[in-house]
1. Relative contact order of the chain, please, whole-number percent, based on alpha carbon pairs below 8 angstrom and at least 6 residues apart.
2. Taking square-rooted eigenvalues a ≥ b ≥ c of the alpha carbon gyration tensor, is segment 82-157 rounded, prolate or oblate, where a/c under 1.5 means rounded and, failing that, a/b exceeding b/c means prolate?
3. Dividing the Cα radius of gyration by the Kirkwood radius, what Rg/Rh value follows for the chain?
4. State the percentage of accessible surface on the chain attributable to carbon and sulfur atoms; use a 1.4 Å probe and exclude ligands, DNA and RNA.
5. Summing +1 for each Lys or Arg and -1 for each Asp or Glu, what net charge is found among the other residues whose Cβ lies under 12 Å from the Cβ of Val233?
6. Shape call for segment 209-286 from the C-alpha gyration tensor, a ≥ b ≥ c root eigenvalues: rounded (a/c under 1.5), prolate (a/b greater than b/c) or oblate?
7. Going by a ≥ b ≥ c, the root eigenvalues of the Cα gyration tensor, does segment 276-369 fall in the rounded group (a/c under 1.5), the prolate group (a/b larger than b/c) or the oblate group?
8. Scan the chain and hand back the longest stretch that contains none of the trypsin sites (Lys or Arg not before Pro) lying in DSSP loops with at most 16 other Cβ atoms within 10 Å.
Amino acid sequence: MTDPVTVTVPLGDRAYEVRIGQGLLADAGRHVAPLLARPRVAIVTDEVVARLHLPALEAALRAEGIACEALVLPAGEGTKSWPQLTRCVEWLLERQVERRDVVLALGGGVIGDLVGFAVAILRRGVRFVQLPTTLLAQVDSSVGGKTGINSPHGKNLIGAFHQPSLVLADIDVLDTLSPRDFLSGYGEVVKYGLLGDADFFGWLEAHGPDLARDAGLRQRAVAHSVAMKAGIVTRDETEQGERALLNLGHTFGHALESATGYSDRLLHGEGVAIGCALAFDLSARMGLCPQEEPSRVLAHLRAMGMPARLSDIPGVLPDDAALIALMGQDKKVVDGRLRFVLARGIGAAFVSDAVEDATLTRVLADARH
Ligand code: GLY
């Protein structure tokens, strides 16, 4: 058993800890108890996670004398929607969850984002604890306070910034993920190295293939990713500048997810991985970074067994113009101009709105074979 690692997100009176380690779910009552004004919590989770982890969480709370009730929502991206948000908020109101209470979000990015938004608007703000159960949620979505739901117009277009009071990232629960889901989350881990830490990317090249079976390495990768995210969020909580770098690969990735109907054809982290490879291709084509850098990104994604090109996505994709149109819904668009996270090299990302459609089209066309 590894010792837990704590990363603090130092946001003044909204500062909180992200605790990363083994066995945290079974010990959740002890971690949550100091936050409670009364020994009672509401849990929101999804059907898949409830089957795997809800009994352990309930037992951990009971062991500390904390009463709990759980709302179990359908699993999947479709849950980040107005109907499920309404259901969640009304359920919390029926349970008379008060402002000084705490809600537990047990699940992946969908549950964390939905519950975070629900409690942001519930009585104008109720505290919550994130218990992320996917690699993606542990390294990205549970930290930093972005919450929200999707619209038919695009992903995450409705939401609020609302920081959790605590994040408990139990790396043991990642053992229950399918290899594909684990790798999808790895797309976000690799993103951190690519955007701002070349040494971390080198470490991932050496150790990435062993993360799924080695708890110590996995904890190190999660903790390093969270520490990078905490630093960025602390410097730029509401994404006025630097935080946009966390969207490396996402302009392409979101468009591809939309083009594949948010289906099993492409998971979010897979879209991010392909998007990172495309962002490096684009940067090299614009003469911003050396030609070897996109080859290195591609080689690492291939070594991990991850999709890295458009041709790795099963089925037919829309044409280049349609993909570029889908990118137009990106939240980084300003005055109708697409803004991309590009790179001067591995670990050196920056935001640019100087991308010509013709260059973009050539990069997309090349990635189709
Ligand atoms: N997932 C990107 C961010 O939190 O800013």
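1. Details: 705 pairs, mean separation 54.5, N = 369.
Relative contact order of the chain: 15 percent.
2. Working: a/c = 1.96, a/b = 1.25, b/c = 1.57.
Since a/c reaches 1.5 but b/c is at least a/b, the shape of segment 82-157 is classed as oblate.
3. 0.96
4. Details: 7460 of 14460 Å².
That share works out to 52 percent.
5. Values: positive: Arg14, Lys146, Lys229, Arg235, Arg243; negative: Asp140, Asp236, Glu237, Glu239, Glu242.
Once all neighbours under 12 Å are counted, the net charge is 0.
6. Judged from the Cα gyration tensor, segment 209-286 comes out oblate (a/c at least 1.5, b/c at or above a/b).
7. On the way: a/c = 1.82, a/b = 1.12, b/c = 1.63.
Because a/c hits 1.5 or more and a/b fails to exceed b/c, segment 276-369 counts as oblate.
8. Details: sites that count: Arg95, Arg99, Arg100, Arg213, Arg265, Arg344, Arg368.
Value returned for the longest uninterrupted segment is 101-212.
The values are calculated or read from the model by the stated rules, or taken from the named source; none is laboratory data. Given the structure is predicted, the values throughout are model-derived calculations rather than measurements. In this analysis, Cβ positions are derived from the backbone assuming ideal geometry, glycine residues included, and neighbour counts consider all displayed protein chains. The area values use the complete protein model at the heavy-atom level, side chains included, leaving out ligands, DNA and RNA. Shrake-Rupley method; radii C 1.70, N 1.55, O 1.52, S 1.80 Å.
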